[in-house]
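The values are calculated or read from the model by the stated rules, or taken from the named source; none is laboratory data. As the structure is a computational prediction, the values presented were derived from the model and not from experiment. Glycine also receives a Cβ, built like all others from the backbone with ideal geometry; neighbour counts cover every protein chain displayed.
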Amino acid sequence: MATKKSKQKGGDEGPRFVFNRQNYVMIIAGLVVLAAGFLLLIGGGSDDPKVFNYSLFDFRRLTLAPILILIGYIIEIFAILKRPKVRS
């Protein structure tokens, strides 16, 4: 005996993606913020090992960069967990 396949109501919509355009824009924005945070974190070495460089302990490296990295991760998590609106 042959079985009949039932069609879904609403017609054939084609493939549905998990993320929509807004999710991808948020993911890219989060990656940009993360990259900015990591770029602010690098540098500050000394050319002479006998001379201590106090730029290791400035505001940019101890406060601003970690805050940007944390904000970037929060944006990424929100972008991944945000559900797209279902259109009827």
Item to check | Failed condition for E76, given (1) among the acidic types (D, E); (2) in a helix (DSSP H, G or I); (3) at pLDDT below 85 | outcome: (3)
Item to check | Cβ-Cβ under 8 Å pairs, at least 6 apart or on other chains, region 21-33 side of a type in the set (S, T, N, Q), far side part of a helix (DSSP H, G or I) and surrounded by 12 or more Cβ atoms within 10 Å (Cβ to Cβ) | outcome: N23/A79; N23/I80
Checklist entry - Does any residue in region 60-76 that is farther than 8 Å from G30 by Cβ come within less than 7 Å, Cβ to Cβ, of a residue that is not in a helix (DSSP H, G or I) six or more places away or on a different chain, and which pairs are these? => result R61/G44
Checklist entry - In region 26-62, how many are in a helix (DSSP H, G or I), among the β-branched types (V, I, T) and modelled with pLDDT under 95? => result 0
